[in-house]
Amino acid sequence: MNSKSKPNIIVFFTDQQRWDTSGLHGNPLSLMENFDHYAMENTHLFNSFTCQPVCGPARASLQSGMYATRTGCYKNKIPLKQNINTLAKYLKKQGYSTGYIGKWHLGSSEPVKKEDRGGYDYWLASNLLEFTSDAYETYVYDNQNKKVFLPGYRVDAITDAAINFIKSNQKKPFFLFVSLIEPHHQNNTDDYPPPIGYREKYTGKWSPPDLDALVGSAPRHLGGYYGMVKRIDEAYGRMIDVVKSLKLFDDSAIIFTSDHGNNFRTRTREYKRSCHESSIRVPTSFIGNMFQQGGRIKELTNILDIHATILDLGKVKNTSHCDGKSIIPLVNKTSRNWENEIFIQISESELARSLRTSKWKYCISDLTSNGNDKPSSDNYTETSLYDLDADPYELNNLIGINAYDEILNDLRKKMKRKIKKIENISIKINKGQNIINPGQLGLKPDSFHRLKKNFNK
């Protein structure tokens with residue numbers, strides 16, 4: 001591919017997928033053989049994170065390149081403002097055909113009104129795919145808001161539609177966003193429905209240390225969840241095969257990532273919405289000719305950097321709105337000033353903020369807020385500190401231990417600077433008392449959540 005040309009860009013986007021479903025992150029079950037293979041041959045973002053572990057806010061940030069407090073989508077059920085520029089709007093100005101297939105979660109209605117579709121030309125999607133479909137019954141809406149049935153297991157149905165788009169848009173550069181609901185749970189049944197036979201294959205197999213140690217739903221759900229991940233990877237490989245067979249691979253950039261992870265109710269009353277790696281860390285890779293020299297990138301990146309990178313690929317010049325940075329300098333080994341810190345905003349379960357460095361995870365929360373009543377706060381209390389070198393699965397909370405006072409002082413300063421820069425708020429941070437993990441207390445997350453609020457009273 002000529003470095004001056006505009007590549008086709010495909011985003012293969014999953015929902016609620018933990019980073020450690022990948023073999024490159026230690027999973028021994030070969031769930032993501034295609035992802036692992038192509039990530040090793042191209043560019044693997046080893047430390048990749050969301051900026052908001054909630055579906056709608058994360059999606060708004062990826063589309064807009066801005067933190068949730070800037071888009072206004074700080075929790076679910078807040079539609080993306082129509083005047084916000086999106087990936088599709090930027091790339092259309094660069095001559096791209098744009099298409100969106102799958103779950104949107106940024107609209108005000110079902111089906112999604114044309115003016116709420118983020119500027120995408122081709123549309124085959126549902127605002128809340130988990131409510132308009134089931135594992136073997138996939139319904140989406142087309143450009144005319146006609147309800148369309150897509151046959152097959154849902155991952156395959158959405159991928160088939162993506163393949164049809166690719167086959168029909170070969171003549172000029174295209175941008176395709178493929179948004180799966182898997183491996184998110186099916187809300188109405190609180191289940192993770194994999195293809196037939198896949199649940200049994202993975203039930204009772206390897207479990208990450210945090211899920212083994214803490215109280216949660218993994219014993220019931222992990223087999224189905226892994227089965228969904230396996231089928232995602234199979235569909236991803238099949239899509240790449242089609243791109244190759246159409247002789248488009250050399251002129252394409254394919255991005256695999258997810259909106260957030262899954263803590264299986266070990267940290268919160270639901271499956272995400274916490275500062276922990278299980279909620280915020282996701283598998284991410286970039287493949288294509290320009291990414292073959294990237295290898296394993298260990299710098300910390302987040303979903304906002306993916307937005308900036310897509311604009312870089314599309315030769316978009318005006319990126320002053322971006323809260324992230326393109327990873328292309330990391331791929332080319334030319335970056336000199338990469339800020340190796342990740343700032344995370346958290347809502348719905350609590351109003352919280354987190355700072356993730358290469359060694360430390362530091363989290364603060366407004367203990368007077370339920371996470372739904374306001375987008376930000378000026379008064380927080382420390383709730384957790386983890387040494388990620390010694391405790392990568394965050395099983396030992398160090399908040400309130402005097403030996404870490406110097407480290408906490410430094411992290412408080414960094415957090416205040418970060419919030420001032422991103423949210424334009426000067427904040428107070430109250431020192432926290434030691435808070436034990438819920439599993440160590442033998443508590444269910446609901447009980448732990450209530451107890452946690454009393455620690456600092």
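The values are calculated or read from the model by the stated rules, or taken from the named source; none is laboratory data. Values in this document were obtained by computation on a predicted structure and should not be read as measured data. FYI the Cβ positions are ideal-geometry reconstructions off the backbone, even for glycines, and counts take in every protein chain you see.
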Condition met for Val140 (in contact with a Leu (Cβ under 7 Å, 6 or more places away or on another chain), at pLDDT 95 or above, surrounded by 24 or more Cβ atoms within 10 Å (Cβ to Cβ) and not in a helix (DSSP H, G or I)): yes
Condition first: in contact (Cβ under 8 Å) with a residue 60 or more places away in the chain and more than 21 Å from Pro283 (Cβ to Cβ). Now tell me which residues in segment 162-206 satisfy that. Ile163, Phe165, Ile166, Lys167, Asn169, Gln170, Lys172, Pro173, Phe174, Phe175
Search result, residues across segment 232-271 that are out of contact with any Gly (no Cβ under 6 Å at 6 or more places or on another chain), of a type outside the set (A, V, I, L, M) and in a strand (DSSP E or B): Phe256, Thr257, Ser258
Which one is farthest from Gln17 (Cα to Cα), of the residues in segment 231-256 that are without any contact (Cβ under 8 Å) to a residue 40 or more places away in the chain and of a type in the set (D, E, K, R)? Lys247
Against the condition assigned to a loop (DSSP other than H, G, I, E, B), without any contact (Cβ under 8 Å) to a residue 24 or more places away in the chain and in contact with a Leu (Cβ under 9 Å, 6 or more places away or on another chain), how does Asn397 come out, does it pass? no
Go through (1) modelled with pLDDT under 95; (2) on the phi < 0 side of the Ramachandran plot; (3) of a type in the set (D, E, K, R) for Asp190 and report which single condition fails. (2)
Say whether the condition of being outside the structural domain of Trp19 (by TED's automatic domain parsing), in contact with a strand residue (DSSP E or B) (Cβ under 9 Å, 6 or more places away or on another chain), surrounded by 14 or more Cβ atoms within 10 Å (Cβ to Cβ) and among the charged types (D, E, K, R) is met by at least one residue in segment 376-385. yes
For segment 374-394, give me the residue count where each residue is part of a strand (DSSP E or B), in contact with a helix residue (DSSP H, G or I) (Cβ under 9 Å, 6 or more places away or on another chain) and farther than 19 Å from Arg281 by Cβ. 2
Tell me whether segment 8-19 contains one or more residues that are within 28 Å of Leu248 (Cα to Cα), out of contact with any Asp or Glu (no Cβ under 6 Å at 6 or more places or on another chain) and free of Cβ contacts under 8 Å to residues at least 24 places away in the same chain. no
Can you tell me which residue within segment 90-128, out of those that are surrounded by 16 or more Cβ atoms within 10 Å (Cβ to Cβ) and basic (Lys, Arg), is nearest to Thr138 (Cα to Cα)? Lys103
Counting only residues that are among the aliphatic types (A, V, I, L, M) and assigned by TED's automatic domain parsing to the domain that holds Met228, give me the helices (runs of 4 or more DSSP H) lying completely in segment 1-83 with at least 2 of them. 33-41, 55-64
Identify, from the list Asp116, Asp121, the residue that is closer than 26 Å to Ser5 by Cα and without any contact (Cβ under 8 Å) to a residue 40 or more places away in the chain. Asp121
Can you name every residue in segment 146-155 that is in a helix (DSSP H, G or I) and either in contact with a Phe, Trp or Tyr (Cβ under 8 Å, 6 or more places away or on another chain) or surrounded by fewer than 19 Cβ atoms within 10 Å (Cβ to Cβ) (or both)? Arg154
Can you find even one residue in segment 138-151 that is assigned by TED's automatic domain parsing to the domain that holds Gly99 and over 20 Å from Pro111 (Cα atoms)? no
Residues within segment 141-156 that are without any contact (Cβ under 8 Å) to a residue 40 or more places away in the chain and within 22 Å of the chain's Cα centre (by Cα), tallied: 1
On the given criteria, is Val54 of a type in the set (A, V, I, L, M, F, W, C) and closer than 24 Å to Ser97 by Cβ? no
Matching residues, segment 335-361, being of a type in the set (A, V, I, L, M, F, W, C), buried (at least 24 other Cβ atoms within 10 Å of the Cβ), in contact (Cβ under 8 Å) with a residue 60 or more places away in the chain and touching an Asp or Glu at 6+ places or on another chain (Cβ under 9 Å): Ala352
Take the residues of segment 180-232 that are of a type in the set (Ser, Thr, Tyr) and within 19 Å of the chain's Cα centre (by Cα): which is surrounded by the most Cβ atoms within 10 Å (Cβ to Cβ)? Tyr225
